[in-house]
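Report on the following structure.
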Amino acid sequence: MTTLAQAEIKKILSLRYWWALAVAPVVVALVTASFTRPVVEALAERADAVVDVNLVSTAVAVGGPTAVALVFVALFGANAAGNEFTYSTITTTFLTTRGRDAVIAAKLGVVAAFAVGYALAVQVVAVGAMLLFTRDFSFTTDLFAMCGVGIVTCALWALIGAGVTLLAGSHMIGALSVIGWFVFGEWILRALAFAVGADGIGRALPVSATLGVLVNAAPSIDVDWLSSWPSAAMILAAWVVALVGAGWLRTRMRDIT
């Protein structure tokens, strides 16, 4: 398994997409964290409202870039799992190992590990920018909760991207499916569910469950229109198991000749 994991890492590092996909969320983290608190303070003063500036700033500066990172780690997972289908090297890989399960497990493990690296990079930049460019910043339980679940959700969305690609047998289809669902598909479906009075179904969709994990994991936050903690985490885990499991089984049975 170690040899297979090392082989997967070398395959990823041989292509430039792994670091190119990390640039956007890191830049978003830097910009967002640098300007969020002054903007929140100004809006609170103008609205003459009682606002927990530190809580709101933390949620936006950490949660926002992490949500952006989810899209890019899903793209990374789709590319990492599907490149061998694109370059027609998957046949050789399967034939030179004792079983397909070990190859698939190595791919998924490496994908999740890289996604954790993405999440850490985003959070280090976000927290560092808040320390440098904002005043009265403090480390709170809410901050640590958001950072912790952010790391986990990034790993899970990378697995979702990989699972969809393994199911489709094409990294292009996998990537487009994940982006389309994350950006447009789920929100259209959720709007339709809300229109017919079935918003409970919308809360059980993967993106909504993920946002519930990210936001409602913080002890001081409870957004009603998102799934509550810990049910949101269980829903997201169920989606990951279903999609990764389906992709795994399809890859085991796929004709690669």
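When Val213, Val196 are checked against the criterion of being open to solvent by less than 80 Å² (accessible area, probe 1.4 Å), out of contact with any strand residue (DSSP E or B) (no Cβ under 8 Å at 6 or more places or on another chain) and either of a type in the set (Val, Ile, Thr) or touching a residue at least 60 places away in the same chain (Cβ under 8 Å) (or both), a single residue qualifies: Val213. Of all residues in region 233-254, those that are over 17 Å from Ser170 (Cα atoms) have Cβ atoms under 7 Å from Cβ atoms of residues that are open to solvent by 30 Å² or more (accessible area, probe 1.4 Å), 6 or more apart or on another chain, in Ile235/Ala204; Leu236/Leu156; Val240/Leu156; Val240/Leu159.
Kindly indicate which of Val116, Val122 is open to solvent by 10 Å² or more (accessible area, probe 1.4 Å), more than 19 Å from Ala209 (Cβ to Cβ) and within 15 Å of the chain's Cα centre (by Cα). Break it down into steps so the answer makes sense when it comes.
Details: Val122 fails: open to solvent by 10 Å² or more (accessible area, probe 1.4 Å).
That would be Val116, the only listed residue that is open to solvent by 10 Å² or more (accessible area, probe 1.4 Å), more than 19 Å from Ala209 (Cβ to Cβ) and within 15 Å of the chain's Cα centre (by Cα).
Of all residues in region 13-38, those satisfying the criterion of being within 27 Å of Ala102 (Cβ to Cβ), open to solvent by less than 60 Å² (accessible area, probe 1.4 Å) and either charged (D, E, K, R) or at pLDDT below 85 (or both) are Leu15, Tyr17.
Does Phe184 fit the bill of being of a type outside the set (Val, Ile, Thr) and either under 20 Å from Leu55 (Cβ atoms) or under 15 Å from the mean Cα position of the chain (by Cα) (or both)?
Details: of a type outside the set (Val, Ile, Thr): yes; either under 20 Å from Leu55 (Cβ atoms) or under 15 Å from the mean Cα position of the chain (by Cα) (or both): no.
Judged against the criteria, Phe184 is not a match.
Here is the figure for region 136-159: residues that are open to solvent by less than 20 Å² (accessible area, probe 1.4 Å) and closer than 14 Å to Ala113 by Cα total 6.
Being over 16 Å from Val71 (Cα atoms) and either in contact with a helix residue (DSSP H, G or I) (Cβ under 9 Å, 6 or more places away or on another chain) or modelled with pLDDT under 90 (or both) narrows it down to one of Ile104, Ile151, so name that one. Steps first, answer last, please.
Numbers: Ile151 fails: over 16 Å from Val71 (Cα atoms).
Within the list Ile104, Ile151, the selection yields Ile104.
Contact annotation: residue pairs with Cβ atoms under 9 Å, 6 or more positions apart or on different chains, pairing a residue in region 134-163 that is among the aromatic types (Phe, Trp, Tyr) with a partner that is surrounded by fewer than 19 Cβ atoms within 10 Å (Cβ to Cβ) and modelled with pLDDT under 90, are Phe137/Leu131. Remark: pairs (first residue in region 8-22, within 14 Å of Ala81 (Cα to Cα); second residue among the aromatic types (Phe, Trp, Tyr); Cβ separation under 8 Å; 6+ apart in sequence or on different chains) = Ile12/Trp18; Ile12/Phe114; Tyr17/Phe76; Trp18/Phe76; Trp18/Phe114.
The set of residues from region 205-257 being touching a Ser or Thr at 6+ places or on another chain (Cβ under 7 Å), in a loop (DSSP other than H, G, I, E, B) and of a type in the set (A, V, I, L, M) comprises Leu226, Ile256.
The values are calculated or read from the model by the stated rules, or taken from the named source; none is laboratory data. Bear in mind the structure is a predicted one, so any value in this text is a computation, not a measurement. In this analysis, Cβ positions are derived from the backbone assuming ideal geometry, glycine residues included, and neighbour counts consider all displayed protein chains. Surface accessibility is based on the protein's heavy atoms, side chains included, excluding ligands, DNA and RNA. Shrake-Rupley method; radii C 1.70, N 1.55, O 1.52, S 1.80 Å.
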